[in-house]
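Contents: one structure, followed by commentary.
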Amino acid sequence: MEYKDYYKLLGVPRSATADEIKRAYRKLAREFHPDRNKAKNAEEKFKEINEANEVLSDAKKRQAYDQLGANWRGGQRFTPPPGWNAGGAGGFGRAAGARGRAGMGAGDPGFSDFFSSLFGGGLGGDFEEMGDLGRGGAPDQRAKVAIGLEDSYNGATLSLSVGARNLSVRIPKGVTAGQTIRLAGQASGGGDLLLEVEFATHPKFRAEGRDIHVVVPVAPWEAALGGKVPVPTLGGNVEFTLPAGVTGGKKLRLKGRGLPGKTPGDEIVTINLVAPPAQTDEARSFYQEMAQRFGDFDPRA
């Protein structure tokens, strides 16, 4: 791989202060941002600037980088020294690019192999090498990726930071928790990267396989008389007809309203009876009248 002269990329001396590095980076980032500069090499230059800033604006990374010495020139063939561990400061890769990408929009850095060899890391800290061999005989690696239920329902493309690189990952419609998305050749050693899907906690829904579970509050008169009530689904609210006399805790099924697939999942609706509070004399009187009218009714029977 080629050595990267980060000081030269930012146009600052090796003795530059943190403020001088910050000013140089901001000036160059504005100049070469792909949204502003449509030159053919602007995006690549923008990536190099972000990578240089990622190292030189971080005191620990800069100290480790400086240990390589001042005799290297940009473009020279480079191999990390034996036993290299970024000066003992591991785990750089988990935060790689956080500052360089913040608020920049288009043109995410996509850090170089040189950066990866010095400051490589894992995805979200949950990254392991597997015994299986991917293409070219390199070991596969596995990580977990948390996605939203909507990502599975609609399909999505997510940007993930893996080590020092940014990857665009396509989430197929109907993927379920525990399934694996294989990214050929994207492991750090050239093997395949296997992303095990898990669902982030959702405020309304819970998944079991392709089925989606939701709890729907229902007023006593809706439960007693039946009728149409709005029910949330991953595809938006739908009107659902309650059968008269439905009881709290009853599970009803919305066919095909779960996660998509060859056989789509269903949505399982659990009825939660919610009675209005007796906070006024009129309301308490009404409840007392109900108690008299339904004196023979035992809800615990």
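The values are calculated or read from the model by the stated rules, or taken from the named source; none is laboratory data. The structure presented is a predicted model; accordingly, all values stated were derived computationally and were not measured. Glycine also receives a Cβ, built like all others from the backbone with ideal geometry; neighbour counts cover every protein chain displayed.
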Legend entry - Test set (1) over 30 Å from the mean Cα position of the chain (by Cα); (2) farther than 20 Å from Arg73 by Cβ - Val12 fails condition number: (2)
Legend entry - Tally of residues being at pLDDT below 90 and assigned to a loop (DSSP other than H, G, I, E, B) across the range 179-190: 7
Legend entry - Flag if Gly258 is outside any strand (DSSP E or B), touching a Pro at 6+ places or on another chain (Cβ under 9 Å), surrounded by 13 or more Cβ atoms within 10 Å (Cβ to Cβ) and assigned by TED's automatic domain parsing to the domain that holds Ile171: no
Inset, instruction - Check whether at least one residue in the range 187-194 is at negative phi, exposed (fewer than 12 other Cβ atoms within 10 Å of the Cβ) and charged (D, E, K, R), and report yes or no. - result: no
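Count, please, the residues in the range 214-228 that happen to be within 16 Å of Pro276 (Cβ to Cβ) and either β-branched (Val, Ile, Thr) or touching a His at 6+ places or on another chain (Cβ under 9 Å) (or both).
Narrowing the range 214-228 to residues within 16 Å of Pro276 (Cβ to Cβ): 217-225.
If we keep only those that are either β-branched (Val, Ile, Thr) or touching a His at 6+ places or on another chain (Cβ under 9 Å) (or both) too, we end up with 218.
Residues that pass the stated criteria total 1.
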Inset, instruction - Could you please tell me which pairs satisfy a Cβ distance under 8 Å, a separation of 6+ or placement on different chains, a first residue in the range 40-53 that is farther than 9 Å from Tyr25 by Cα, and a second residue that is at pLDDT below 85 and aromatic (Phe, Trp, Tyr)? - result: Lys47/Phe111; Glu51/Phe111; Glu51/Phe115
Legend entry - Candidate set from the range 205-223 (those that are surrounded by 13 or more Cβ atoms within 10 Å (Cβ to Cβ) and more than 32 Å from the chain's Cα centre (by Cα)); member that is nearest to Ser152 (Cα to Cα): Val218
Legend entry - The one condition in (1) without any contact (Cβ under 8 Å) to a residue 40 or more places away in the chain; (2) not in a loop (DSSP other than H, G, I, E, B) that Thr233 fails to fulfil: (2)
Legend entry - Condition check for Ala244: aliphatic (A, V, I, L, M), more than 40 Å from the chain's Cα centre (by Cα) and more than 30 Å from Asp211 (Cβ to Cβ): no
Inset, instruction - Among the residues of the range 40-61, write down those that are of a type in the set (D, E, K, R), buried (at least 17 other Cβ atoms within 10 Å of the Cβ) and in a helix (DSSP H, G or I). - result: Glu43, Lys45, Lys47, Glu48, Glu51, Glu54, Lys61
Legend entry - Test: Val12 is aliphatic (A, V, I, L, M), surrounded by fewer than 20 Cβ atoms within 10 Å (Cβ to Cβ) and on the phi < 0 side of the Ramachandran plot: yes
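Working carefully through the options Thr201, Thr263, Thr241, find the one that is over 30 Å from Gln141 (Cα atoms), out of contact with any strand residue (DSSP E or B) (no Cβ under 8 Å at 6 or more places or on another chain) and not basic (Lys, Arg). Walk me through how you get there before you give the answer.
Numbers: Thr201 fails: over 30 Å from Gln141 (Cα atoms); Thr241 fails: out of contact with any strand residue (DSSP E or B) (no Cβ under 8 Å at 6 or more places or on another chain).
Result of the check over Thr201, Thr263, Thr241: Thr263.
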